[in-house]
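Undergrad: Structure provided below as structure tokens; questions to follow.
The values are calculated or read from the model by the stated rules, or taken from the named source; none is laboratory data. Here the structure is a predicted model, which is why all the values come from computation and not from measurement. Heads up, the Cβs are rebuilt from the backbone with ideal geometry, glycines too, and the neighbour counts pull from every protein chain shown. Just the protein is used for accessible areas: all its heavy atoms, side chains included, with ligands, DNA and RNA removed. Shrake-Rupley method; radii C 1.70, N 1.55, O 1.52, S 1.80 Å.
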Amino acid sequence: MDSGNIAWLLTSASLVLLMTPGLAFFYGGMSRGKSVLNMMMMSFGAMAVGVLAWITFGFSISAGDTMGDIIGNPMYDFGLIDTLEGGDAMAIISAGFGATFAIITVALISGSVADRMKFGSWLLFAFLWVILVYAPVSHWVWGDGFAALLGPDGPWFGSLPGPYDFAGGTVVHINAGVAGLVMALLLGVRKGFGKEPMRPHNLPFVMLGAALLWFGWFGFNAGSAFAADGFAATAWVNTTVATGIAILGWILVEKIRDGKATSLGAASGVVAGLVAITPACASLDPIGAAIVGLLAGVFSALAVGLKYKFGYDDSLDVVGVHLVSGLWGTLAIGLLANGTINGDAGLFYGGGITLFGVQAAAAGVTIVYSAIATLIIGLVIKYTIGLRVSEEVEVSGIDLAEHGETAYEEAK
């Protein structure tokens, strides 16, 4: 690799790492004043235990030599010692880049457990989830593991195209969205859910967080080209187009449904567009990206209300945004992929239905595995050290009980 590509990948990794503090502002602003510090600490905690999980076993499971075509060998490179001693810039950057992806993915789940999960239990959950859920799915989709059976020359689908997941629609967003739903169901609803308002306490924080996420996401998407090349440029342009149009989609739904276009809706539209374009950013042309962004904003704006209809307390809409838009972006490749950009065309570009089917299969594998593995981890923690704080702590404020401090004097 030349120095320019190395510099771009180091910059991209730094941008992705910035996304997690950005998420802390986004989620923190959406939380109530008495739990904002706990919410932000969950993101910073994910940075701490996520990197530990990655250098111990996560990287080896994700990138190591396969064991029976299922996962990488967990002891392939404990501590990344062999990778660093090898001195290969590409290998070292890939390991570091992967750590930032693992961190942001598990941090996303925290939005579904806001206000009611023990901080120590969260740290243990995040550590185990990176190793046992994120790393295997990463290996399957981006490596040579089990889900590679869905791709070229695999025994399940022969020499079919795909699956395509340029920067993490399945590995990151569907994976985290499913895990968020499982954890929300395990924890149960917050006291007063559906009966009393639980409004965001600081909308400027939310918009600042969305802006930081958008900025960092260029490293997420364009950096996944692993070079400063045409794929990186295509990903950058499509990320910008889809995200901007997604804002319009979300606030259009709000205007028609509620009569107002809100700042929370605009910020949420940013995230929905970013999520949806993530798997597809190097497969679409800008018109396709605009369609993906518009519908992501519409779909997620409608989906966030489903928690009240079905009774699951996904506190900060991980399911409505990350699962829904991640699934849409993954499937959209099968419909809107421009074959001149990345090899295989979607249905509306003359490629037939095959690619759509392969994308759906990859999403299905991710959904099933993430749900089962997350449930097992959650149940083990629930029946050992416990998942949920007491009702008294939840009512009085989790910040003071778990961290001994409050964000604002009036929250005491």
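Undergrad: Does the range 345-362 contain at least one residue that is in contact (Cβ under 8 Å) with a residue 60 or more places away in the chain, farther than 30 Å from PHE205 by Cβ and β-branched (Val, Ile, Thr)?
TA: There is at least one residue in the range 345-362 that is in contact (Cβ under 8 Å) with a residue 60 or more places away in the chain, farther than 30 Å from PHE205 by Cβ and β-branched (Val, Ile, Thr).
Undergrad: Quick check on my filter: what residues within the range 115-145 are surrounded by 24 or more Cβ atoms within 10 Å (Cβ to Cβ) and of a type in the set (Ser, Thr, Tyr)?
TA: TYR134, SER138
Undergrad: Under the condition of being in contact with a helix residue (DSSP H, G or I) (Cβ under 6 Å, 6 or more places away or on another chain) and closer than 17 Å to VAL171 by Cβ, which residue from the range 58-87 is modelled with the lowest pLDDT?
TA: ILE70
Undergrad: Let me ask you something else. If you scan the range 150-203, which residues turn out to be on the phi > 0 side of the Ramachandran plot, more than 16 Å from the chain's Cα centre (by Cα) and either open to solvent by 50 Å² or more (accessible area, probe 1.4 Å) or modelled with pLDDT of 90 or more (or both)?
TA: Of everything in the range 150-203, those that are on the phi > 0 side of the Ramachandran plot, more than 16 Å from the chain's Cα centre (by Cα) and either open to solvent by 50 Å² or more (accessible area, probe 1.4 Å) or modelled with pLDDT of 90 or more (or both) turn out to be ASP153, GLY188, GLY192, GLY194.
Undergrad: Check whether at least one residue in the range 22-39 is open to solvent by 20 Å² or more (accessible area, probe 1.4 Å), in contact with a helix residue (DSSP H, G or I) (Cβ under 6 Å, 6 or more places away or on another chain) and aromatic (Phe, Trp, Tyr), and report yes or no.
TA: Yes, some residue in the range 22-39 is open to solvent by 20 Å² or more (accessible area, probe 1.4 Å), in contact with a helix residue (DSSP H, G or I) (Cβ under 6 Å, 6 or more places away or on another chain) and aromatic (Phe, Trp, Tyr).
Undergrad: Looking at the range 327-344 only, could you name the residues that are of a type outside the set (A, V, I, L, M) and either in contact with a Ser or Thr (Cβ under 8 Å, 6 or more places away or on another chain) or touching a residue at least 12 places away in the same chain (Cβ under 8 Å) (or both)?
TA: Matches in the range 327-344: TRP328, GLY329, THR330, GLY334, ASN338, GLY339, ASN342, GLY343, ASP344.
Undergrad: Can you pull out every residue in the range 394-412 that is buried (at least 17 other Cβ atoms within 10 Å of the Cβ) and assigned to a helix (DSSP H, G or I)?
TA: Matches in the range 394-412: GLU394, ILE398, ASP399, LEU400, ALA401, GLU402, ALA411.
Undergrad: Let me ask something else about it. With respect to VAL304, is the statement that it is in contact with an Asp or Glu (Cβ under 6 Å, 6 or more places away or on another chain) and at pLDDT 95 or above true? Before the answer, list the steps.
TA: Details: in contact with an Asp or Glu (Cβ under 6 Å, 6 or more places away or on another chain): yes; at pLDDT 95 or above: yes.
Criteria met by VAL304.
Undergrad: Moving to a separate point now. Just give me the residues in the range 288-326 being of a type in the set (D, E, K, R) and either closer than 16 Å to ALA176 by Cβ or in contact (Cβ under 8 Å) with a residue 12 or more places away in the chain (or both), in sequence order.
TA: Listed by number, the residues that qualify are LYS307, ASP313, ASP314, ASP317.
Undergrad: In addition: Give me the helices (runs of 4 or more DSSP H) completely within the range 49-134, filtered to those with at least 2 residues that are of a type in the set (Val, Ile, Thr), ordered by residue number.
TA: Qualifying helices (runs of 4 or more DSSP H): 81-86, 89-109.
Undergrad: Which one is nearest to LEU295 (Cα to Cα), of the residues in the range 219-262 that are among the acidic types (Asp, Glu) and out of contact with any Gly (no Cβ under 7 Å at 6 or more places or on another chain)?
TA: In this case the residue turns out to be ASP258.
Undergrad: So is ILE103 β-branched (Val, Ile, Thr), open to solvent by less than 20 Å² (accessible area, probe 1.4 Å), in contact with a strand residue (DSSP E or B) (Cβ under 9 Å, 6 or more places away or on another chain) and over 19 Å from ASN5 (Cβ atoms) or not?
TA: No; evaluated as a whole, the condition is false for this residue.
Undergrad: Taking interchain pairs and intrachain pairs at least six residues apart, which have beta carbon atoms under 6 angstrom, with the first residue in the range 223-243 and within 21 Å of ILE287 (Cα to Cα) and the second of a type in the set (Gly, Ala, Ser) and outside any helix (DSSP H, G or I)?
TA: These pairs meet every condition: PHE231/ALA282; THR234/ALA282; ALA235/ALA282.
Undergrad: Report, by residue number, each residue of the range 206-234 that is crowded, with 22+ Cβ neighbours inside 10 Å and more than 17 Å from SER325 (Cα to Cα).
TA: Listed by number, the residues that qualify are VAL206, GLY209, GLY216, GLY219, ALA222, GLY223, SER224, ALA225, ALA232, THR234.
Undergrad: While we're on this one: Only one of MET30, MET41, MET90, MET47 is within 17 Å of the chain's Cα centre (by Cα) and more than 26 Å from VAL365 (Cα to Cα); which?
TA: When all the criteria are applied, what remains is MET47.
Here's the yes/no breakdown for (1) assigned to a helix (DSSP H, G or I); (2) buried (at least 21 other Cβ atoms within 10 Å of the Cβ):
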position: LEU302; (1), (2): yes, no
position: LYS309; (1), (2): yes, no
position: TYR312; (1), (2): no, no
position: HIS322; (1), (2): yes, yes
position: GLY326; (1), (2): yes, yes
position: GLY334; (1), (2): yes, yes
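Undergrad: Sticking with this structure for a sec: Looking at the structure I just gave you, is MET198 of a type in the set (A, V, I, L, M), in contact with a Lys or Arg (Cβ under 7 Å, 6 or more places away or on another chain) and in contact (Cβ under 8 Å) with a residue 60 or more places away in the chain?
TA: Criteria met by MET198.
Undergrad: Here is a further query. Restrict the check to the range 43-50 and report whether at least one residue is surrounded by fewer than 24 Cβ atoms within 10 Å (Cβ to Cβ) and farther than 28 Å from SER121 by Cβ.
TA: There is no residue in the range 43-50 that is surrounded by fewer than 24 Cβ atoms within 10 Å (Cβ to Cβ) and farther than 28 Å from SER121 by Cβ.
Undergrad: May I pose another question? Can you tell me which residue among GLY397, GLY343, GLY378 is more than 17 Å from the chain's Cα centre (by Cα) and farther than 24 Å from PHE26 by Cβ?
TA: GLY343
Undergrad: Working only within the range 306-326, note down all residues that are of a type in the set (A, V, I, L, M) and touching a Ser or Thr at 6+ places or on another chain (Cβ under 9 Å).
TA: LEU316, VAL318, VAL319, VAL321, VAL324
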